[in-house]
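Remarks on the structure that follows.
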Number of protein chains: 2
Amino acid sequence: MDIDLDSFSARDWEVPTDADPVRLAMVGLGWWTREQALPAVEDADHCATTVLVSSSTEKAEDVAADMEGIEGTLTYDEYADGAATDAYDAVYICTPNGLHRGHVEAAAAHDKAVLCEKPLGATVEDARATVDACREADVPLMVAYRLQTEPVARRARELIQNGAVGDVVSILGHMSDTILDAADETSWRFDPELAGGTTLNDIGIYPLNTIRFVLEEDPQAVYARTESEQPAYEGTDEHGAFQLEFPDGTLASCTVTHSATVTSSLRFVGTEGELTIEGLFFPNTRKVLRVSGPDIEGEFRPEPVDQMREEFDYFANYLQRGLDPEPDGEHGMVDMRAIEALYESAESGRRVELDA
Amino acid sequence: MDIDLDSFSARDWEVPTDADPVRLAMVGLGWWTREQALPAVEDADHCATTVLVSSSTEKAEDVAADMEGIEGTLTYDEYADGAATDAYDAVYICTPNGLHRGHVEAAAAHDKAVLCEKPLGATVEDARATVDACREADVPLMVAYRLQTEPVARRARELIQNGAVGDVVSILGHMSDTILDAADETSWRFDPELAGGTTLNDIGIYPLNTIRFVLEEDPQAVYARTESEQPAYEGTDEHGAFQLEFPDGTLASCTVTHSATVTSSLRFVGTEGELTIEGLFFPNTRKVLRVSGPDIEGEFRPEPVDQMREEFDYFANYLQRGLDPEPDGEHGMVDMRAIEALYESAESGRRVELDA
C-alpha cells in the first residue's frame, strides 16, 4: 500500500515560495470568523489578516482592537465600493449564505481572489451567478471545504483510491451538533431566504462533499427525509437522513441533525475491507481513522491539526504560486444542485435524479 | 446508570427449572443448520436435537451419523404426515423462506412449538397464514431473531432505554457479507419465489429488527434503493440502502450488501451521547460496544457468545416454564410489512408509509 502514513499530517500540497504572505480581507465577523478563522490565520504561514469587513465600523474596530497588522476596518458598503483595495490581495467570505453573492461579486469587481464559505449560496441561481462573476472577472474562487485539506480525509482518499478496501460498495456518514447552544432562533440559519435551509445544507454538506472528495465521484440521484421538532425549526429542517447514489452503484446513507450531541463519523465499506473515521467533521477534535483490508490494518490517531489554518495556508500557498486553488466554483455547484435536490426530495417523498 | 455491565453477558432471561430439555426436530439441513444450529444445540443447556428432517432420508442419515441422540431421520413428507411426533417437542425451521409456511403449518397440526427462521416467509400473505396457523392451533411461534438474545444488543437496549445517550435522534446501520462465497447462483436465495428478495430481506432484516428491538418502536414509513451488479443478481437486489422513520421523528439510515467484506455496525446518536456497536450481526465474532454520555463512558469487548446457542436456550427455557417465547409471529409480521414496503419503495423510487 503506497501511502505515506509515517508523515500522516504532512502538507502534501505545500510548495515553498519566496512570495509575500497573501493579505486577506475577512468579510463577515460572526462567531465562526472570530473564533475559528482569525486565530487560524494568525497561526498561518502563507497569509495574514489585514482588513476586516463587517456590518458596522464599530464592530470591525472592536475585533481589530485585539489584533495586530489590521490596515483597514470597513463596512460592507465601503468594501463593495472598493475601499482599501491596496491593503488586501484576497477575501474570505463568511456571511449568511444568501449574502455570499454580493460580497463575491464585489471581490471579483476589485480583482481579488476569493475563498467563499460553503454552501456557495442560498439557491442554485445565486450560486451560479457567484461562480460566473468570478469566471468573467478571471479571479480564482475556492469554496471553503476545509475537509479537503484535513490530513485524515486526504489519507482516507489516498487509501481508498489505492484500493485499500477494494471497491467501495456502501458508505455511511453522520454529523450532528447542537446549534441552538450557539445561535438563537433569530439566527439567519433559521431564515430560508438567507440560509437556503437549516440542516441538510449546513451540515449535510460535510458528508456529501467529503464522500465526493474521497470517491472522486459525484452523485447521480438523491433521496432525503427531514423532521422538525423544536419551534425554532418550524418551516425548516432540524433532522435529516439522505441517500446518495453514485455512478458505479455505490450507495451512501447519511444522517445529520442540529439537535444532538456533537459527533461525526464516516464509514467506507469495500469489497475487501473497511475504512472508518470518527470525529472527522469538526475543526479541532481528535480524529481516529481505522482501516482493515488485505494489505493494511491499523488505527491512526494523529495529533489534531487546525483545519481552518490548513485551509487558509493551502489557499494562500496556491495563490503565492500563481495557481488556482481547488475545490473551485464548479465543484461547489455540484453540491448546490445536490442540496436543492435533497430538499426537493424531502418535499415530494421521491428520489430525485441529478442532471449530469 | 442502572445497567449491570459487570455481568455483561449473563442470561438475564434465564430461570432454572426441573423440566426436561426440550427435544427439537431440526427442519432443513442446509449449511446454516449444520454449521451453526446443530453445534449450538449440542452446547445448549435447555434443549437437544432428537429428530432431523430433510429432503431425503439419506441426507438426514448422513447428518445423524456424526451426532448422538438422534431418534428419527425424516423426509419433509414424513414430517408433514406426523412421523416420530413422540420424539420431539418443538421444531426449528430453517428452509427457504417460501417453504416456511408448509413446515410451520405441519408443526401446528402436530401441536409442536415453533422456532422459525426470519423472515417469516417470502411474502406478507404467506407469513400471515403462517402466524394464523400457529394462533389457531394455539402453539407458540417464535421468530429466530438471534440478535434479541445477543448480550451486546440487550445491553445496548438497556442503555438506550435508560437514557444513556438522551433521546435517540439518528441511527446508522450496516451489514455486509459475500454470499456468493457460500452459495452459488442456483441457490434459492436468488429465486424471488422462494426467497422473496435477496439482500434487503435477508440481511436488511438485521439492522431493521435490531433497531426496532433497541428503540422498542416500529417504523412508520420507509424508503429504499437497490442496485445489482453481478449476473447472479439479475432481477433481484445485491446492494441496498434504506431509511426508516420512527414515530417520534427518529431517522435511521442503513446500508446492506451481499457483495462486500464481512462487517456490520450500528450507531445510535442521541441528544446527550452516542452508542456504537461493531461486529454485532454475525454469530460468533468479537463485538465492541462503545458508549459516551453524561453518566457513562466506556468501551466493552465481552467474550463473544454463540448467538445461536443463546437463542435456542432462551426458546427452550421459555417452553420449559410453559411460557410463550418472544419475538412472536406478530412481531415478525411488522418486519414482513416493512420489507414489502422497502421493495415497493425501491421499485417506485418513493417513500412508502406503513399502516399502523
In region A:62-93, which residues have a backbone nitrogen under 11 Å from the label point lying 7 Å from residue A:136's Cα in the Cα-to-Cβ direction? none
Hey, can you rank A:121-131, A:297-307 by average C-beta count inside 10 Å, highest first? A:121-131, A:297-307
Solvent-accessible surface (1.4 angstrom probe) belonging to residue A:175, in square angstrom, nearest 10: 10 Å²
For the protein assembly as shown, what proportion of DSSP beta bridges, expressed in % and rounded to the nearest 5, is antiparallel? 60 percent
What average number of partner chain Cβ atoms lie no more than 10 Å from the Cβ of the residues making up B:241-251? 5
Across the identical copies, how the residue B:321 labels are spaced - nm, sorted shortest first, 7 Å along Cα→Cβ: 6.9
Calculate log10 I(q)/I(0) of the protein assembly as shown for q = 0.07, 0.12 Å⁻¹, where I(q) comes from the Debye formula with a single equal point scatterer on each Cα and nothing for solvent. -0.53, -1.26
Of all chain B residues, the one whose C-beta is nearest the axis that brings B onto A, in angstrom: B:253, 2
At a Förster radius of 45 Å, what calculated FRET efficiency corresponds to the Cβ-Cβ distance of residue A:328 and residue B:6, to the nearest 0.05? 0.20
Packing-wise, with mean Cβ within 10 Å as the measure, how do B:246-252, B:256-262 rank, highest first? B:256-262, B:246-252
Each residue of region A:82-91 in order: what ³J(HN,Hα) in whole Hz does its phi give by Karplus 6.51 cos²θ - 1.76 cosθ + 1.60, θ = phi - 60°, with x for Gly and Pro? x, 5, 6, 5, 6, 8, 8, 9, 8, 10
At a Förster radius of 51 Å, what calculated FRET efficiency corresponds to the Cβ-Cβ distance of residue B:285 and residue A:234, to the nearest 0.05? 0.70
Rounded, prolate or oblate: which fits region B:214-356 when a ≥ b ≥ c are the square roots of the eigenvalues of the alpha-carbon gyration tensor, with rounded for a/c under 1.5 and prolate only if a/b beats b/c? rounded
So what's the net charge close to residue B:217: Lys and Arg +1, Asp and Glu -1, counting the other residues with Cβ under 11 Å from its Cβ? -3
Between copies, how close do the residue A:347 label points come, placed 7 Å along Cα→Cβ, listed in nm from shortest? 2.9
Are there DSSP H segments in chain B that both extend 27 Å or more along their axis (alpha-carbon positions) and score a mean Kyte-Doolittle hydropathy of at least -1.0? List them, or say none. B:329-348
Quote the relative contact order of chain B in percent (integer), defining contacts as alpha-carbon pairs under 8 Å separated by 6+ residues. 20 percent
Enter the buried accessible area of the A/B pair, total of both sides, probe 1.4 Å, in Å² rounded to the nearest 100. 3300 Å²
Taking the Cβ of residue B:109 as the center, what net charge do the other residues with Cβ under 11 Å away carry, scoring Lys and Arg +1 and Asp and Glu -1? -3
Flagged links, alpha-carbon separation over 31 Å, of A:287/B:287; A:287/B:118; A:59/A:287; B:118/B:287; A:59/A:118; B:112/B:287: A:287/B:118; A:59/A:287; B:112/B:287
Which residues' amide hydrogens lie under 5 Å from the amide hydrogen of residue A:221, considering only partners 5 or more residues apart or on another chain, with H built in the peptide plane? A:245, A:354
Region A:5-146, Kirkwood Rh and Cα Rg, ratio Rg/Rh at 0.97
Amide H neighbours of residue B:113 at under 5 Å, excluding residues fewer than 5 places away on the same chain, with H built from the backbone geometry, are B:91
If you wrap a convex hull around the alpha carbons of region A:77-131, what volume per residue comes out, as a whole number of Å³? 69 Å³
Counting Lys and Arg as +1 and Asp and Glu as -1 over every other residue whose Cβ sits under 9 Å from the Cβ of residue A:346, the net charge comes to -2
So, relative contact order of region A:5-146 in percent, Cα under 8 Å, 6 or more apart, is 20 percent
Per residue, how much accessible area does chain A show when a 1.4 Å probe rolls over the protein heavy atoms, in square angstrom? 37 Å²
For labels at residue B:129 and residue A:297 in the simple 7 Å Cα→Cβ model, what's the distance in nm? 4.9 nm
Rg to Rh, two decimals, where chain B supplies the alpha carbon set and Rh follows Kirkwood: 0.96
Counting partner chain Cβ atoms within 10 Å of every residue's Cβ in A:152-164, what's the average? 0
Mind jotting down the three principal axis lengths of region A:308-356 based on Cα atoms? Whole angstrom, largest first. 47, 23, 9
Fraction of accessible area attributable to carbon and sulfur, region B:5-146 (%, probe 1.4 Å): 44 percent
Other chains near A:346-354: what is the mean number of their Cβ atoms within 10 Å of each residue's Cβ? 3
Taking N as the residue count of region A:76-227, its alpha carbon Rg divided by 2.2 N^0.38 Å gives 1.19
Compute the label-point distances linking residue B:296 to its equivalents in the other copies; points lie 7 Å from Cα along Cα→Cβ; give nm, one decimal, shortest first. 3.5
Using the C-alpha atoms of region A:164-240, what convex hull volume per residue, in cubic angstrom, is computed? 121 Å³
Long-range amide H contacts for residue A:166: which residues qualify at under 5 Å (H placed 1.01 Å from N, peptide plane, sequence gap of 5 or more or a different chain)? A:272
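The values are calculated or read from the model by the stated rules, or taken from the named source; none is laboratory data. Because the structure is predicted, anything quoted here is derived from the model rather than measured. Don't worry about glycine lacking a Cβ; one is built from the backbone with ideal geometry, like all the others, and counts go over all protein chains shown. The accessibility values were calculated without ligands, DNA or RNA, using every heavy atom of the protein model including side chains. Shrake-Rupley method; radii C 1.70, N 1.55, O 1.52, S 1.80 Å.
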